[in-house]
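For reference, the structure is listed below as structure tokens.
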Amino acid sequence: MTSSVGVIGLGNMGVSVLGACLHKGRSCVAVDLDRRKLAELAAGRTVVPEHGIEAILATALAEGRLQTGDTAKATRDCALVFVGVQTPAAGEQCDYTALEAVLRELASTSPDGQVIVIGSTVFPGALAAEILPIFTARPGLEVVYEPVFLRAGYGIDDYLRPGKLVAGTRNPANPPAVLERFFRDVVEVPARYVGYAEAEWIKMIHNAWMGLKISFANEVGALCTEHGVAPADIIDIAFGEGAWGRLLTRSHMKPGPPYSGPCLPKDAQILGGLLAASKHHEWFEQGVCRALRTSNEKHRQDLVQRWLNLGLGSGRPLGIIGTAFRPGFNEMRESLALDFIRAAQGVDAEVLAYDPMFEGIDRQAFALAARQNTFVESLYDTVSQPLERVWCDCEVVLVNRTLSDVERRRIQALGTVPRFVMDLYENGPLQAGRRSEVAA
């Protein structure tokens, strides 16, 4: 086997791992069933936006360190293979169809000694019950589960310098030597080796806590406002600590929009299912973790209803600024904006939406960004609108992102303001000398 690293699945995780490996001078074999993604890669681009990836790919292609393939067989000469295909939510569990297909192919074609690292999210207990049995007849293959914690668009940096590096292995006291060498050479923090089950739970608990912080901050924000104190000041002081502080990071601890995107809602659903199945389910039924999904969903519904109430009956479109689930990223699946668009469609209301990732985008590029989600792909005409049209033509505008200086200047140059603005990101006054009723 060669020292090349295989990466199967060119979504958020796959592109991040691929970029980190290439950045560190590694040779890689990139695999995806979607040949359009492979064509983009061969041209030095990726469908998934990622800071720094273009320069990394240009160097790797020039040096001949990047190969591509559309089946897992392309990685059979690699000593180390990372698998990052999607495992979408299926109720309170995960759909492993794509992951299991890849792993079965690896089990039938990979040589003994290869280390297969699964980065896809899995349900606690799924490795033992569903994944590892695929390799029962191949004891010579080493399977590892690596829960990764990557920000969309900044995954390369997060993979190189993560807050924690965790690997679930068959024998944590004696992890695969090729994996240890890889982590030492590529990742800039020491690895923690644990059992499979521990790694599964670390992933779930980490993401559930991220979701919990957001819902908690929104509840605190509403309560403080009701009692006449500024929630931003309260939270800043309560959670602002120096080097000796014992509370966790203040990341996400700010009242605003509910959490959304492909990770936090899914993991909260999974944890909720585990709590319901516990022998302590009556206690958990009223607990904070169980209430996480209810709180977040109620917050989403309340925002959507207020937006509809402000805009319906005017005869004008309803507007949205910011449709991606994360600013600067071209992912709309499970974004908060979709809740508003679906609700408007349900009452036959027109929606005009702007996002810098989609403004003026052509249909083919938008179809790629939709990632095979037919509903998102159907929204091309809705979400590719210019900022100026959304701001000027709509009765109510939801501001679902932190506006850039350029966006603020474009708005200020218009000299007008919608009747209602729902600003979820505290952008402040957007028109000097002009007032708009603000509903947030």
Any chance you could give the angle, 0 to 90 degrees and rounded to 10, that helix 264-277 forms with the longest Cα principal axis of the chain? 70 degrees
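Take every DSSP beta bridge whose two residues both sit in the stretch 91-195, then give the antiparallel share in percent to the nearest 5. Don't skip to the answer; put the middle values down first.
Values: 1 of 9 bridges.
Expressed as a percentage, antiparallel bridges in the stretch 91-195 total about 10.
Let's test the formula: R0 of 25 Å, r as the Cβ-Cβ distance of Asp95 and Phe375. What FRET efficiency results, to the nearest 0.05? Don't skip to the answer; put the middle values down first.
Numbers: r = 17 Å, r/R0 = 0.69.
Efficiency at R0 = 25 Å is approximately 0.90.
Out of all DSSP beta bridges with both ends in the chain, state the antiparallel percent to the nearest 5. Kindly include the intermediate steps, with their values, before the conclusion.
Values: 3 of 42 bridges.
Here the share of antiparallel DSSP bridges comes out near 5 percent.
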Given the options Leu368, Leu292, Leu264, which has the most mean-square fluctuation in a GNM of the chain, springs set between C-alpha atoms less than 10 angstrom apart? Leu368
Tell me the label-point distance for the pair Asp70, Arg104, using the 7 Å Cα-to-Cβ offset, in nm and rounded to one decimal. 2.0 nm
Take the chain, connect every pair of alpha-carbon atoms lying under 10 Å apart with a spring to form a Gaussian network, then pick out the residue of Ile234, Ile321, Ile134 with the largest mean-square fluctuation. Ile234
For Arg389 paired with Ala43, estimate the spin-label separation in nm (one decimal), with each label point 7 Å from Cα along the Cα-to-Cβ line. 2.5 nm
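How high is the FRET efficiency between His227 and Thr59 when r is their beta carbon distance and R₀ equals 56 Å, given to the nearest 0.05? Don't skip to the answer; put the middle values down first.
Values: r = 56 Å, r/R0 = 1.01.
Here the calculated transfer efficiency is 0.50.
Could you work out the helix-only [θ] at 222 nm for the chain, with each DSSP H run of four or more residues adding -39,500 (n - 2.57) and the total divided by the number of residues, to the nearest 500 deg cm²/dmol?
Details: 17 runs with 183 residues, N = 440.
Estimated from H runs of four or more residues: -12500 deg cm²/dmol.
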Rounded to the nearest 10 degrees, what's the angle between the helix 177-186 long axis and the longest principal axis of the chain, both from Cα atoms, 0 to 90? 40 degrees
Helix 97-109 versus the longest principal axis of the chain: what is the Cα-based angle in degrees, 0 to 90, to the nearest 10? 20 degrees
For the chain, built as a Gaussian network whose Cα springs stay under 10 Å, the top-fluctuating residue of Gln86, Gln372, Gln301: Gln372
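Where a number appears in this text, it was derived from the coordinates with a stated rule and is not lab data. Everything numeric here is computed off the predicted structure, so don't read it as measured data. Glycine also receives a Cβ, built like all others from the backbone with ideal geometry; neighbour counts cover every protein chain displayed.
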